[in-house]
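Asks: Input: one structure, supplied below.
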Amino acid sequence: ADGRPDDTFNSGVGGPVYGLMTSADGQVLIGGFFNTVGGQPHTNFARLHPDGQPDNAFRPDASGPVQCLAVQADGKLLAGGLFSTLGGQPRNFIGRVYPDGSGDATLNPGEDEVVECVALQTHGKIVAGGAWLRPHRGGGARTRAAPFGGGGGVAGGAAGPATSSRAAPPAPPS
């Protein structure tokens, strides 16, 4: 790529995009604060084909803005933000969906504040960060960032290097 914009890629997102990343197959995952993509209803989380058109079969709709995304090795998708439902599941601020967009009921850490960034460690633990003082469940002295086990509870041990992440918090409140 020579750095020039690709005028053929026109996703038609109906609002701001706060987080995005590409998957191994060239699709683009977007999270933000929008209700449409390409003129079709998509609420705050969508997947685009490599040409920018929305994947209308993928509908993990989030009840509020999605600010960050990560793709796990098994293809499951993590999302963090300011929402209380994701993929049809009640989820506070962080959740996971299957590659088809349906909600994954096994991850529910129950955060008590917005998740602004999420990453994966080399051993598969999820690390999330935000303005919270400690994860809602699990307690402890962890502030602003904490690793989670695959089932969603706070993991023990120190955080290691992240293998993937995407964080793009919105503008600070005025």
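The values are calculated or read from the model by the stated rules, or taken from the named source; none is laboratory data. It should be emphasised that the depicted structure is a prediction, and the values quoted were computed from it without experimental measurement. All Cβ positions, glycine included, derive from the backbone under ideal geometry; neighbour counts span all protein chains shown. When the accessible area is computed, the model is the full protein with side chains, heavy atoms only, and any ligands, DNA or RNA have been set aside. Shrake-Rupley method; radii C 1.70, N 1.55, O 1.52, S 1.80 Å.
Asks: Which of the residues belonging to segment 16-38 are modelled with pLDDT of 95 or more, open to solvent by 30 Å² or more (accessible area, probe 1.4 Å) and not in a strand (DSSP E or B)?
Replies: 16, 33, 35
Asks: Go over the candidates 57, 62, 70, 46 one by one and state the one that is under 16 Å from residue 97 (Cβ atoms) and over 16 Å from the mean Cα position of the chain (by Cα).
Replies: 57
Asks: Taking residue 44 as the residue in question, decide whether it is open to solvent by 40 Å² or more (accessible area, probe 1.4 Å) and of a type in the set (S, T, N, Q).
Replies: Against the criterion (open to solvent by 40 Å² or more (accessible area, probe 1.4 Å) and of a type in the set (S, T, N, Q)), residue 44 does not qualify.
Asks: Among the numbered criteria (1) closer than 22 Å to residue 33 by Cβ; (2) part of a loop (DSSP other than H, G, I, E, B); (3) at pLDDT 90 or above; (4) not acidic (Asp, Glu), which one does residue 118 miss?
Replies: Going through (1) closer than 22 Å to residue 33 by Cβ; (2) part of a loop (DSSP other than H, G, I, E, B); (3) at pLDDT 90 or above; (4) not acidic (Asp, Glu) one by one, residue 118 breaks only (2).
Asks: Tell me yes or no: at least one residue of segment 50-71 is closer than 27 Å to residue 124 by Cβ, surrounded by fewer than 21 Cβ atoms within 10 Å (Cβ to Cβ) and at pLDDT below 95.
Replies: Yes.
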